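Take a look at the structure below.
The values are calculated or read from the model by the stated rules, or taken from the named source; none is laboratory data. What you are looking at is a predicted structure, and each value in this text was computed from that prediction instead of being measured. Because the Cβ atoms are built from the backbone with ideal geometry, glycine has one as well, and the counts that use them run over all protein chains shown.
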Amino acid sequence: MFKRTNTNTNVELPKNSITVKDHISLSVFRKQEFTFKYLSLILTAFLGCFGSIYSFISIFNFRFYEAGLFFYLIIFFMLFVIMFLLPKKFLFALIPTSLVYIALIKKYWDAYINGFQSVFNKIYNTINYSNIEYYKVSPRISISDCTTTFLVFSSFILVMFICYFVIVKPNFLICFLFTFPLLELGLYNGFAPKYMFGFMLISFWIAMIVMQNSSYTEYASKTNANFLRKNNNFYSKPNIKFRVDGLSTIWAITFSLSILILTNVVINIISYQRPQSINNIRSNVKTAVEEFSIDDIQGSIGRIKSSITKDPASNPNSVKLGQYSSLKHKNTTDLVVNVSYNPHETIYLKNYVGSVYTGSSWDVIPREKYNEYSSVFDKIELYKYYPQDFLLYNNIEFTNPFYTNSIKITPSYKYHNANFVPYYSLNKDDEFIYIDDTTIALDNKQEYDFKIKNIKGPYGTVDNFEDYYKINSFNKYSIESSYSDFVYDNYMSLPKGNNMDELYQHYSYIFESNNPPYIVLSEIQDALARDAKYSLSPGKTPRNRDFVNYFLLENNEGYCTHFASAGAILARMAGIPTRYVTGYIVPKSEFNPANKTQDSSYKINVKDKYAHAWVEVYLDGIGWLPYEFTPGYSDGDAPEEETKETKKAKETSATKKTVEKTTPAAKDSRPTASESKQTSTSKADDAGVAPKKNAFENSIGYTIMLVLLIIMLTVIFIIFKRKIMLSRTYKGFKSDNNNLNIINLYSYITQILAFTGIENNNMQYLDFANYVESNSMFLKKDEMKIIVNYVLKAGLSEHISSQEEVDFMLSVARRVVYDVYNQQSLSKKLQMKYGFNFL
Amino acid sequence: MAKRILIYLTIVFFSICFFILYIDLFSLIILVIAIAYPFAMFALLVIVRKNTNVNLISKNIVSAKGSDIDIKVTIDNKSHFPIPNAILNIEYKSTFENITDKLTAIIPIQARNQQEVNFRLSSKYCGKVEIGLNNITIMDYLKLFSIKIIPVQPVVSIIVTPDCHPIDACLSNSISENQENDVFSKTRGGDDPSEVFNINEYREGDKINRIHWKLSAKANSPMVKEYSHPITNSTLIIFDLCCGETSDNIIATLDTLMETLLSISFFLVENGAIHTVAWYNQLSEGLEIEIINNEDDIFKLLGNIFNTNSYLSQPHTLIKYANSGSTHQFAHAIHLTAYSNPDFMHIFSDIENCLKLSLLLIEEKDSSTINNHLDIDTVNIGIGKVRQCLAEFVI
C-alpha cells in the first residue's frame, strides 16, 4: 500500500505551514503480560512441520516405523524451535548440527538411497495404479527401515527450513514453496491426504500470511525506532512495542481450523453427495483438456468452453465430427429404462437427427427449405400424419386389437432438456410434439413413457386399432408422395469438392451396380466392415480434411459416428436419401434375469457406453427406416468394448481384491528379524490402497498424548529460557563497564516497577523519580533520586561510575525484586519468575 | 489492497477448478474455506468496529508560534480481536491558509486494551489550526477488507497565537492625558479630581488641597488623596484581514498583520489607552466593532478574528466602516491591512471625525507605496519586521 523506498528522507517540504515532528509514540493503558508471540510461532511451526510431512505420508501410505519417525520429528522440532527462539547469537549452533547431520547421512547413505527408491516406487505405483517397481530394490532390504531412514533425514531439512522461515524470518512464500509440492504431488493425481493433516497444512499457510502481514517486515531498518517515517507517513517497524502478531496468528489459526472442522462435520451430517452435474462438467473438461492441441487452438478452446457450458443433450443444430481423438466411457447411468416385456431385440432411442453433411458436422435442414415445401407440411399438419409415423403405419401390420409394450424412460440430470424416443411409438392422448420431419418431443422431460407397437408379439397389452389409425389411404398416399419430393430434394445433398469425388471413385462399384436399395445398403455395410476397423481411439480428424473421406480412405479406424456418417454419405451417393441419427440403444442382452423385476418387466440402467449413432434411410412406401452401419451392431446387440478407463478400473479392482485377501501391511513400530519375511509375503500390500480410517489416529489417546507432549515441550522451553535469560541479565550487571552496569540495573529496576504498575510514560528522569517516590512503597526515601542521578551521570556525562555506585544499585535491585515478589499472588510470582525472568 | 483481492480471486478461481476436477471431498473443503474465510475476516472487522471507540484529543487549546502542538488519538478496543494494521488518517490545516495536508500512521491495535498514539505538530504562523481525524481504517488479517471507524470527536482546533512585539512607538499627547472622560485608569493616577484613585500618606511636595482631612484626623497623620487618570478611547484601528490576490505568501502576510494588530493593541493597553478595533467578519459578512480595555479583550478579539476567514478581494472593513456613518470622535484612525490599492485610499481619507489618519500596510517586498493622499501617514511594514517598522510610529 505504502511503498517503501530506499531513500531515507525524513521530511519533505510540507504543503502547508504546519510541520509534523518526527516524534510519534504509542502507549497502552494496560500492558499485556502475555503476548502470545512465542506460542503463535511454535504453534505455526508445529502445524507446518507436522502438517506437511504427515500429509505427504498419508497420501501415499508408505510402510515405515510411525512411532520412530514421530519421535525424531519431535526431537528435530524441539531442537530448531529452541535454537531459533533464542537470541541470534545462538544461530551458530546450526553449524555443529549440520555437521552432525552430514556425518550421519554419510553413514546411512545406502539406507537413505534405498529409502528414496522405495518411496519413489510407492509414489509411482500409487499414481499409475500398477505394481511395477521403477527402481529395483533388493528384497533383502527392509522397506520399512530404509523408508523410515529416508523420511527422517528428509524431515530434518524440512523442519529446519520451516522453523527458520516461521520463527526467524517469517516468509509465507518460501514456506508455501516448501510445503505445497508435498500436497500437490498427490492432489494432482487424484489422491487427497488425511483430512486432519490437510487442515493443519492449510491453517499453517493462513497463519503465515497473517504473520507476514502483522510483522511489518517490509518496513525494517537499522534504527531502533518504532516507526519508519516517509514524508508524512509513519509505518510500524518490526521492533515496534505492543505488536499483536502473536494473538492475530492464534486467531487466524482458530478461524481456519474451526471452518475446516465445521465443514467436515456438516458434510458428514448431511451426507453430502457430489452433484452429478459437476461430475459431468469434470468429465467433459478432462476430455477437452486431454484433446487440447497447439495445432488447433481455436477448436481446443471451443471444446473447453463448451465442456463447461454446453448441455450435452440440448438438441443442438449441429453435431461436430472428428473433434476428439478417442471416446471415453465412465460407466455412468445416463438413462433408466423400464420395459414391460422382453422385446427380443435392441431398442433404439432417438434423440437427434442431422440432415446436412458439411464435411465436419451434421446440421439440421435450414428453415427456408421447410418453407419452400410449406404446402406439404401444412397438409401433414392438417391430417396429422407425420413423417415420424410413416414407418409405424407402413411397416407394421395393424390387426385389431394389436399388442403393445410400454417403455418408461427416466433420463439422468444431464439430459433434463431432451427426450429419447423409441421407434414405433404410438401417439397416445395426442401428447407427441412433432419437430419438423425429424424427431418427436414431449412436454415432460424428467420421466416419460411410450406405448410401442409390438412387432414380434404376442405379448404386451392390447390396444385398439381405431385409437391410433386416423387417416385414410388416399390422404396417406398423397402426403407420402408430396413428402417424398421434399426428401429427395434435401436428404441427398453432398458437399462439393474432390473429397466426395474420391469417395465416389473408390466405391463406384456399388453405385453403378443398379441393385435394389436393400442390396446396395447391404453392400455398403459390407464395404465399411471390410475397409474400416472399429476403434474407440481413432484419433482426431485433421482440421482441413473431410471427416468421411479421411475415415474411409486414410485412417480406416472409427466408432459408430464414423460408420454412421460414412454409411449415410455412401447411401446418398447411391441415390438413397439418408440422415444421421444419435441417441441410445438398449441392447437385447440387457433383457436378462438380472434386470428383471418382480412384475416381469425389465429395469435397465442404460450406461454412457450405449450412446450410439446410426442412420435412417428413406424408402418410398416405408418411411424413415433405421439402418445400422456399425460393424458388430447389426445383429441387434452391442459388442463389448474395453476402453482405457475400464481397463484401468479392472486392474485397480483386481488389485484391491488381492489386497483384501492378503494380510494388511505391518506399519510396524518394532523392527524385528522377521521383517524381511513379512516384506515378501505382504508385498501385494504395496499396491497403494490407503486404509480408510486409522484407529490410532482417531483415538482419544493420540490426542491426549499430543496435548501432553505440547505441554511438556512448553514447560521445558520455559525452564530453559529462564535459565538463559537470567544468566544474561546477571551478566549485564557484572560486566567490566560500570556505566553499562548502572544503566542495565536501572532498566531492570524500571521493569520491575512497571510490573507493579508504575510506568514511565515518557516522563523526564527526575519527574519519574518523584513519581516513583510518591507512588511506590518498595523504594526508600530519595533512593530513586539517587539511582536516577547515577544513571544520568553514567549515561550522559564522562563520569565513570564507581563500584560503590554499582553495588548500591545492585542491592536496591535485589531488595526491590524480592520485596515485590513476596507481595505478589501465586500467578504473579510465576509470571515474575518464568514469564519476565526477573528472578 | 487491489493486488491482494486479485490474488484472492485467483485463489478462489483455482479452488473452483480444483473442486470440479477432483472428486475427493477435500477439494470441496478447500473451496469452502477459500470462500468462507474472508467472510470470517469481515465479521471480525465488524465486531471490532462495533466494540472500538476512537477519540481525538489535543492537550493544548492555545499554542505559540513554532511551539509543539500535542495531538493524541485514543483507541479503546473492547473486543477480543487485535488488529495488526490500522491506518490513522489525520488532516490538518490552518484556517488562514486553507491548504489541507495529511499524515497517516500504520499502527497495531491491541485487543481489550486502550492505547494512545501521540503526534506532535507545530505551526510556523499564527492562526487557527484545525486537526481532523477523518477515520481509522482497520484491516483484517489477510488485508482483504477494510472498515472505517469514525471517531467520537473528529476535529480539534488549536489557536496559534501571534507573537507580540514590544514596539517603540510614541503615544501622542493629543490622546494621552487631561482629556475628560468617564473611564479612569486602574493602574495609574492622574489629576482628575472627579474620582479618587488612591489615598497615601503625606509626602513632602504633595499639594495641600489634596489632604483628606477626615482620614488624617482618624489616622492621626496627614493622608493625601491621589486623583484618577482619565482614559480616553481615541484610537480606532480599522483592521482588514485582507491581502492582495497577487500576494505570494499569503499566510506570512496575514501572520504579520495579526502580529501588528496584537503589538499595537498591547502597546495601547499598556499605556492605558482604550481603543476601538473594527473588523470585518467574513462569516456573518458584517462589521464588528470591539472596544479594547484590557488584555482579556485583546485575546477575545483575537479569538473572534481567528474564527473567521481571511479575504482577498477588497478592504471590506474600511468600506463598511466608511458606510456605517459612525459619528464617534477619534483622535487617530489607523487602517491596518495588507491590501494595497490606491483606489480605496480616498475612502479612508473621507472618514470624518478623525483627527489623524494612518495607513499601516503589510508588504512582502520592500516597495514604496504611492500615497497620493497627503493627509494619510503611511507606514510600510515588511513581513516579520513589525518592531523595526513601527519604531517611530506615532499613535
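Structure notes:
- Selection count, segment B:153-175, where residues are modelled with pLDDT of 85 or more and in a loop (DSSP other than H, G, I, E, B): 4
- Given (1) of a type in the set (S, T, Y); (2) at the interface with another protein chain (Cβ under 7 Å from one of its Cβ atoms); (3) touching a Phe, Trp or Tyr at 6+ places or on another chain (Cβ under 8 Å), number of the condition B:Y92 does not satisfy: (3)
- Considering residues of segment A:166-178 that are within 19 Å of A:S40 (Cα to Cα) and in contact (Cβ under 8 Å) with a residue 40 or more places away in the chain only, the residue nearest to the other protein chains (Cβ to nearest Cβ): A:F172
- Positions within segment A:255-289 being surrounded by fewer than 12 Cβ atoms within 10 Å (Cβ to Cβ), part of a helix (DSSP H, G or I) and within 12 Å of chain B (Cβ to nearest Cβ), in sequence order: A:V265, A:V266, A:N268
- Residue match in segment A:456-476 (condition: at pLDDT 85 or above and closer than 29 Å to A:I365 by Cα): no
- Residues of segment B:33-76 that are over 30 Å from A:N16 (Cα atoms), within 10 Å of chain A (Cβ to nearest Cβ) and not hydrophobic (A, V, I, L, M, F, W, C): B:Y37, B:D76.
- Residue in segment A:509-516 that is out of contact with any helix residue (DSSP H, G or I) (no Cβ under 6 Å at 6 or more places or on another chain), among the aromatic types (F, W, Y) and surrounded by fewer than 23 Cβ atoms within 10 Å (Cβ to Cβ) present: yes
- Residues located in segment B:9-24, provided they are within 8 Å of another protein chain (Cβ to nearest Cβ) and without any contact (Cβ under 8 Å) to a residue 12 or more places away in the chain: B:I20, B:L21, B:Y22, B:I23, B:D24
- Residues that are under 17 Å from B:N134 (Cβ atoms) and of a type in the set (S, T, N, Q), drawn from segment B:47-84: B:T52, B:N53, B:N55, B:S58, B:T74
Okay, residues lined up against (1) touching a residue at least 60 places away in the same chain (Cβ under 8 Å); (2) touching a strand residue (DSSP E or B) at 6+ places or on another chain (Cβ under 8 Å); (3) not charged (D, E, K, R):
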{"site": "A:S277", "(1), (2), (3)": "yes, no, yes"}
{"site": "A:N280", "(1), (2), (3)": "yes, no, yes"}
{"site": "A:T287", "(1), (2), (3)": "no, no, yes"}
{"site": "A:F292", "(1), (2), (3)": "no, no, yes"}
{"site": "A:D296", "(1), (2), (3)": "yes, no, no"}
{"site": "A:G302", "(1), (2), (3)": "no, no, yes"}
{"site": "A:V336", "(1), (2), (3)": "yes, yes, yes"}
{"site": "A:S340", "(1), (2), (3)": "yes, yes, yes"}
{"site": "A:R367", "(1), (2), (3)": "no, no, no"}
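- Criterion: at pLDDT 85 or above, surrounded by fewer than 21 Cβ atoms within 10 Å (Cβ to Cβ) and not hydrophobic (A, V, I, L, M, F, W, C) - qualifying residue of B:S265, B:S247, B:S221: B:S221
- Of the residues A:F242, A:F197, A:F191, the single one that is touching a residue at least 24 places away in the same chain (Cβ under 8 Å), on the phi > 0 side of the Ramachandran plot and not polar (S, T, N, Q) is A:F242.
- Selection status of A:F92, in the same structural domain as A:V166 (by TED's automatic domain parsing), surrounded by 18 or more Cβ atoms within 10 Å (Cβ to Cβ) and either over 18 Å from A:V152 (Cβ atoms) or modelled with pLDDT of 90 or more (or both): no
- The number of residues in segment A:562-580 that are closer than 16 Å to A:D531 by Cβ and either free of Cβ contacts under 8 Å to residues at least 12 places away in the same chain or surrounded by 24 or more Cβ atoms within 10 Å (Cβ to Cβ) (or both) comes to 10.
- A:K785 meets the stated requirement of being in contact with a helix residue (DSSP H, G or I) (Cβ under 8 Å, 6 or more places away or on another chain), more than 23 Å from A:S735 (Cα to Cα) and either not in a loop (DSSP other than H, G, I, E, B) or not assigned by TED's automatic domain parsing to the domain that holds A:K731 (or both).
- Subset tally (residues that are of a type outside the set (D, E, K, R), under 40 Å from the mean Cα position of the chain (by Cα) and not in a strand (DSSP E or B)) for segment A:408-450: 11
- Scope segment B:113-135; condition out of contact with any Phe, Trp or Tyr (no Cβ under 9 Å at 6 or more places or on another chain) and more than 7 Å from chain A (Cβ to nearest Cβ); matching residues: B:L133, B:N134, B:N135
- Every residue from segment A:345-363 that is under 39 Å from the mean Cα position of the chain (by Cα) and farther than 20 Å from A:L391 by Cβ: A:G359, A:S360, A:S361, A:W362, A:D363
- For segment B:141-154, the set of residues classified as more than 9 Å from every other protein chain (Cβ to nearest Cβ) and either buried (at least 22 other Cβ atoms within 10 Å of the Cβ) or in contact with a strand residue (DSSP E or B) (Cβ under 8 Å, 6 or more places away or on another chain) (or both) consists of B:F145, B:S146, B:I147, B:K148, B:I149, B:I150, B:P151, B:V152, B:Q153, B:P154, listed by residue number.
- Residues that are at the interface with another protein chain (Cβ under 9 Å from one of its Cβ atoms) and either in a helix (DSSP H, G or I) or within 18 Å of A:P170 (Cβ to Cβ) (or both), drawn from segment A:190-210: A:Y195, A:G198, A:F199, A:I202, A:I206, A:I209, A:V210
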